[in-house]
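To start, the structure under review is shown below, and the notes come after it.
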Amino acid sequence: MQTRKLGRTGPQVSQLGLGLMGMSDLYGPADRAESLATIHAALDAGVTLLDTGDFYGMGHNELLLREALAAGGRDGVHISVKFGAMRDPDGNWIGYDARPAAVKNFAAYSLKRLGVDHIDIYRPARLDPAVPIEDTVGAIAELVKAGRVRHIGLSEVGSETLRRAHAVHPIADLQIEYSMISRGVEDGILQTCRELSIGVTAYGVLSRGLISGHWSKQRAGEADFRGRASPRFQGDNLDHNLGLVEKVRAIADELGVSVAQVAIAWVAAQGEDIVPLVGARTRARLTEALGANALRLTAADLARLERAVPADAAAGERYNAHATAVLDSEKR
């Protein structure tokens, strides 16, 4: 698999990364054996960037990754960890903690659960409005100096925060939602990343499955995060958004590929400094996603897709009002 470099100072990683969240949380039950097999298949295919969070399944995801890496070790694997999100015993989101002492505490627990001596990329999951970003990044920088962390990343922050953080320590990459129907990053944030030579790891490239080509009206009642917290999956919004998917499907059919492969390739085509993260939970979905690596969208293809799905085409916000208040700590 070809590789891409995360920013000026970050690691060289596979041009497609694997996000592990859905194997532990938010998208309904996952099969443990299939999850492990999917991680192994990704590694065998040359995927070297694995993304997790200490709050995914409240530690379960990191333990799952540890088990997956136990057989072959972590040589050549880059582990990206998000921290800071706090949850109660029922799994509810109750805020963020990015104080320096908390940063080191979270890191210690992640290192223990993962069974590793260092984390390749460590990042706060969101901006903690009560803590200056300089303090948070400064604490991670101390972990870098101690050899516990290799690179510092950020997640879902804006241009001002990027600049302030980068002034304290080089930021390898910004992890942020980016897809054909979630393009807020294009409103200045992507330009700032490029000015500062910060890479982008794009999550949600299939908009949580909405533009995968596999979602349908019949699945609207599924009781997971999407149905509860994403207006894009509800009511008339869903009808409208699935109509956009059919426009993409027409183009995908002409190209002889799947809708998901077009959506992933579209993100990858936005720049060599962008690494799409796919949240495949099964080997079948992983195989489909990996097929996007061979798809090279031409300028004409990209123009057709832009006409079919303009930047503001999606109906509904990414999250409902409650989730926005909790998840989007820095509004964009």
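The values are calculated or read from the model by the stated rules, or taken from the named source; none is laboratory data. Note that the structure is a prediction, hence the values are computed from the model and not measured. With ideal geometry, Cβ positions are generated from the backbone for all residues, glycine too; neighbour counts draw on all protein chains shown. The accessibility values were calculated without ligands, DNA or RNA, using every heavy atom of the protein model including side chains. Shrake-Rupley method; radii C 1.70, N 1.55, O 1.52, S 1.80 Å.
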Checking the structure you have, find out if any residue of the stretch 211-227 is at positive phi and at pLDDT below 95. yes
Mind listing whichever residues of the stretch 26-46 are in contact with a strand residue (DSSP E or B) (Cβ under 9 Å, 6 or more places away or on another chain) and touching a residue at least 60 places away in the same chain (Cβ under 8 Å)? 38, 42, 45
Pairs please, first residue from the stretch 57-82 and touching a residue at least 40 places away in the same chain (Cβ under 8 Å) and in a loop (DSSP other than H, G, I, E, B), second anywhere and open to solvent by 80 Å² or more (accessible area, probe 1.4 Å) and among the aromatic types (Phe, Trp, Tyr), Cβ atoms under 6 Å, 6+ apart in sequence or on different chains. none
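Okay, residues lined up against (1) surrounded by 21 or more Cβ atoms within 10 Å (Cβ to Cβ); (2) under 25 Å from residue 200 (Cβ atoms); (3) out of contact with any Phe, Trp or Tyr (no Cβ under 9 Å at 6 or more places or on another chain):
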| position | (1), (2), (3) |
| --- | --- |
| 93 | no, yes, no |
| 125 | yes, yes, no |
| 136 | yes, yes, yes |
| 142 | no, no, yes |
One residue is enough: does the stretch 30-47 have a residue meeting the conditions of a type in the set (A, V, I, L, M, F, W, C), open to solvent by less than 20 Å² (accessible area, probe 1.4 Å) and assigned to a loop (DSSP other than H, G, I, E, B)? yes
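So that you can scan it fast, the table gives a plain yes or no per residue for (1) more than 16 Å from the chain's Cα centre (by Cα); (2) under 24 Å from residue 140 (Cα atoms):
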position: 22; (1), (2): no, no
position: 25; (1), (2): no, no
position: 46; (1), (2): yes, no
position: 78; (1), (2): no, yes
position: 81; (1), (2): no, yes
position: 85; (1), (2): no, yes
How many residues, within the stretch 162-190, are open to solvent by 10 Å² or more (accessible area, probe 1.4 Å), under 20 Å from residue 8 (Cα atoms) and not in a helix (DSSP H, G or I)? 3
Suppose we filter 199, 188 for residues that are over 24 Å from residue 20 (Cβ atoms), among the small types (Gly, Ala, Ser) and modelled with pLDDT of 95 or more; which single one remains? 188
Considering 311, 299, which residue is modelled with pLDDT under 95, farther than 26 Å from residue 29 by Cα, open to solvent by 30 Å² or more (accessible area, probe 1.4 Å) and aliphatic (A, V, I, L, M)? 311
Of all residues making up the stretch 260-286, the number that are part of a helix (DSSP H, G or I), more than 15 Å from residue 14 (Cα to Cα), of a type outside the set (Phe, Trp, Tyr) and under 19 Å from the mean Cα position of the chain (by Cα): 6
Cβ contacts < 7 Å: first residue in contact (Cβ under 8 Å) with a residue 40 or more places away in the chain and under 14 Å from residue 55 (Cα atoms), restricted to the stretch 101-121; second residue open to solvent by 10 Å² or more (accessible area, probe 1.4 Å) and not in a loop (DSSP other than H, G, I, E, B), any location; separation 6+ or different chain. Result? 107/143; 113/63; 113/66; 114/66
Pair list, Cβ < 7 Å and 6+ apart or interchain, from the stretch 125-136 residues that are over 13 Å from residue 82 (Cα atoms) to residues that are open to solvent by 60 Å² or more (accessible area, probe 1.4 Å) and assigned to a loop (DSSP other than H, G, I, E, B): 131/99
Could you please find all residues in the stretch 8-29 being buried (at least 23 other Cβ atoms within 10 Å of the Cβ) and in a loop (DSSP other than H, G, I, E, B)? 10, 16, 20, 24
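Take the conditions open to solvent by less than 20 Å² (accessible area, probe 1.4 Å) and at pLDDT 95 or above and apply them to residue 292. Does it pass? Give the derivation first.
Details: open to solvent by less than 20 Å² (accessible area, probe 1.4 Å): yes; at pLDDT 95 or above: yes.
Taking the combined requirement at face value, the residue satisfies it.
Taking only the stretch 102-161 into account, find how many residues are among the small types (Gly, Ala, Ser), within 24 Å of residue 14 (Cα to Cα) and over 20 Å from the mean Cα position of the chain (by Cα).
Narrowing the stretch 102-161 to residues among the small types (Gly, Ala, Ser): 102, 107-108, 110, 115, 125, 130, 138-139, 141, 146-147, 153, 155, 158-159.
The next check asks that each one be within 24 Å of residue 14 (Cα to Cα); those that pass are 110, 115, 125, 147, 153, 155.
Now drop any that are not over 20 Å from the mean Cα position of the chain (by Cα), which leaves 115, 147.
Residues in the stretch 102-161 being among the small types (Gly, Ala, Ser), within 24 Å of residue 14 (Cα to Cα) and over 20 Å from the mean Cα position of the chain (by Cα): 2 in total.
Please go through the stretch 144-157 and pick out each residue that is of a type outside the set (Lys, Arg) and either open to solvent by less than 10 Å² (accessible area, probe 1.4 Å) or assigned to a helix (DSSP H, G or I) (or both).
144, 149, 152, 153, 154, 155, 156, 157 - these are the residues of the stretch 144-157 that are of a type outside the set (Lys, Arg) and either open to solvent by less than 10 Å² (accessible area, probe 1.4 Å) or assigned to a helix (DSSP H, G or I) (or both).
Residues that are in contact with a His (Cβ under 8 Å, 6 or more places away or on another chain) and modelled with pLDDT of 95 or more: does the stretch 75-89 have at least one?
Of all residues in the stretch 75-89, those in contact with a His (Cβ under 8 Å, 6 or more places away or on another chain) come to none.
No, the stretch 75-89 has no match at all.
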